[in-house]
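The values are calculated or read from the model by the stated rules, or taken from the named source; none is laboratory data. Everything numeric here is computed off the predicted structure, so don't read it as measured data. Please note: Cβ atoms are built from the backbone with ideal geometry, for glycine as well, and neighbour counts cover all protein chains shown. These accessible areas exclude ligands, DNA and RNA; they are computed on the full protein's heavy atoms, side chains included. Shrake-Rupley method; radii C 1.70, N 1.55, O 1.52, S 1.80 Å.
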Amino acid sequence: MSRKLKAGIAVLIGLTILGAILYRSAPVQDALMRAGAAAALSNVPETFDGLQVVVCGSASPLGNNPDRAQACLAVITPEHFFLVDVGARSPMRIAQAQLPMNRLTAVMLTHFHSDHIAGLADVNLASWVAGRRASMQVYGPEGVETVVAGFNQAYRLDRGYRVAHHGEKLLPRSAGPMQANTFQPGLVWQDDNMTVTSFLVDHSPIDPAVGYRFDYRGRSVVISGDTNASDSLFAAAAGADIVFHDALARDSLDIMQNVMAESGRSGIAQIIADVTDYHADTRVLEEAANAAGIEQLVLYHLVPTPMNSLTEPMFLRGLSDKTLLAHDLQVFELPPESEEITIR
Ligand SMILES: [Zn+2]
Ligand SMILES: [Zn+2]
């Protein structure tokens, strides 16, 4: 071994020991904790003037990847903040993305499968603690009142504990329970700059299931929820800047189904087979999006949830380079009255 190499190894060992000592030192820990807490105060998306979409969940219930939360997309402008679906683990992503929970406009649900609603109670608590002074508004098609009433009942005792512990001034009791808003497909929400419309999609046998279109200062974003490639969606999405569409990688699913069947797991094989006809096969999506004049197609709610970057390309087989696969915490920025889309 050369003298240079020996010296290098000695320095490396020295630095490792020093690092271990520093990490165990209370003042160093306190300084790191202080920096972390201060960083949590900054709100990255608040600096942008147009329409933003933040991916707060890109997974489906099939497959477990801790890097992907279940269905959740945040639509944010300087005046609005909508969450479209809040699946399991999405509250963690919302916190990591430092989304402005103090000014949450509403939660919009596409349908009531568990992977779209599991995070409701945590989102309600997070926005209440962040300073919301009135009930969190939850919009959805027929059935949303049942879901909201159930969550409100299940978390009634929890709300009582929070108010008793922190006081009415911080957590107004009346803002604790969520409020359901049932709509028929069509116009859902509107003000001077923003129009939110909903349309029926084909998630049969689940009915109703809807998607949403957000129009803000000359920009538009469409979110599919769960659906097969459906004409109603592409009609509603005509000319949109971005469509976020649920996506099914048929080749991956077929392999999973075969492996389960061969190993005697007939129940899971059956579930996988059932899933194939109510999500959109990626191979037909791109063509439909191009025909509808959609600028950018982004695949999310990935079925099955890819486990790593090696299985991700299975969603993009046969597609052009333009179609994207969503990743958690990705941000899409659409400046007003322009055609630009920035992804970071
Ligand atoms: Zn569903
Ligand atoms: Zn789903």
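Criterion applied to Ser204, Ser252, Ser266 was being away from ligand 1 (no atom under 16 Å from the Cβ), under 22 Å from His301 (Cβ atoms) and modelled with pLDDT under 95, and the one residue passing it is Ser252. Of the residues that make up the range 296-319, is at least one assigned by TED's automatic domain parsing to the domain that holds Ser220, at positive phi, of a type outside the set (Val, Ile, Thr) and in contact with a strand residue (DSSP E or B) (Cβ under 6 Å, 6 or more places away or on another chain)? So far as the range 296-319 goes, yes, one or more of its residues are assigned by TED's automatic domain parsing to the domain that holds Ser220, at positive phi, of a type outside the set (Val, Ile, Thr) and in contact with a strand residue (DSSP E or B) (Cβ under 6 Å, 6 or more places away or on another chain). Tell me, which residue of the range 41-53 that is buried (at least 16 other Cβ atoms within 10 Å of the Cβ) and more than 16 Å from Ala130 (Cβ to Cβ) is modelled with the lowest pLDDT? If we take residues in the range 41-53 being buried (at least 16 other Cβ atoms within 10 Å of the Cβ) and more than 16 Å from Ala130 (Cβ to Cβ), then Phe48 is modelled with the lowest pLDDT. Take the conditions (1) within 27 Å of Glu339 (Cβ to Cβ); (2) of a type outside the set (Val, Ile, Thr); (3) assigned to a loop (DSSP other than H, G, I, E, B); (4) in contact with an Asp or Glu (Cβ under 7 Å, 6 or more places away or on another chain); Pro61 misses just one of them, which is (1). Pairs linking a residue in the range 225-246 that is touching a residue at least 40 places away in the same chain (Cβ under 8 Å) and within 13 Å of ligand 2 (Cβ to nearest atom) to a residue that is among the small types (Gly, Ala, Ser) and not in a loop (DSSP other than H, G, I, E, B), with Cβ atoms under 7 Å and 6 or more positions apart or on different chains, are Gly225/Gly211; Thr227/Gly211.
Any residue at all in the range 126-148 that is touching a His at 6+ places or on another chain (Cβ under 9 Å), modelled with pLDDT of 95 or more and open to solvent by 40 Å² or more (accessible area, probe 1.4 Å)? Among the residues of the range 126-148, at least one is touching a His at 6+ places or on another chain (Cβ under 9 Å), modelled with pLDDT of 95 or more and open to solvent by 40 Å² or more (accessible area, probe 1.4 Å), which makes the answer yes.
Within the range 201-224, the residues that satisfy the criterion of being farther than 17 Å from Met108 by Cβ and either among the aromatic types (Phe, Trp, Tyr) or more than 15 Å from ligand 2 (Cβ to nearest atom) (or both) are Arg217, Gly218, Arg219. Residues in the range 115-125 that are among the aliphatic types (A, V, I, L, M) and open to solvent by 20 Å² or more (accessible area, probe 1.4 Å) were compared, and the one that is farthest from Asp226 (Cα to Cα) is Leu125. Name every residue in the range 57-98 that is among the aliphatic types (A, V, I, L, M), open to solvent by less than 10 Å² (accessible area, probe 1.4 Å) and over 27 Å from Glu142 (Cβ atoms), in order of residue number. Result: Ile76, single match. Scanning the range 99-114 for residues that are within 16 Å of ligand 1 (Cβ to nearest atom) and buried (at least 22 other Cβ atoms within 10 Å of the Cβ) yields Met108, Leu109, Thr110, His111.
Counting only residues that are open to solvent by less than 80 Å² (accessible area, probe 1.4 Å) and closer than 30 Å to Leu233 by Cα, how many does the range 245-267 have?
Step one: filter the range 245-267 for residues open to solvent by less than 80 Å² (accessible area, probe 1.4 Å), giving 245-249, 251-254, 256-257, 259-261, 263-264, 267.
When the remaining residues are screened for being closer than 30 Å to Leu233 by Cα, the result is 245-249, 251-254, 256-257.
Residues meeting the conditions: 11.
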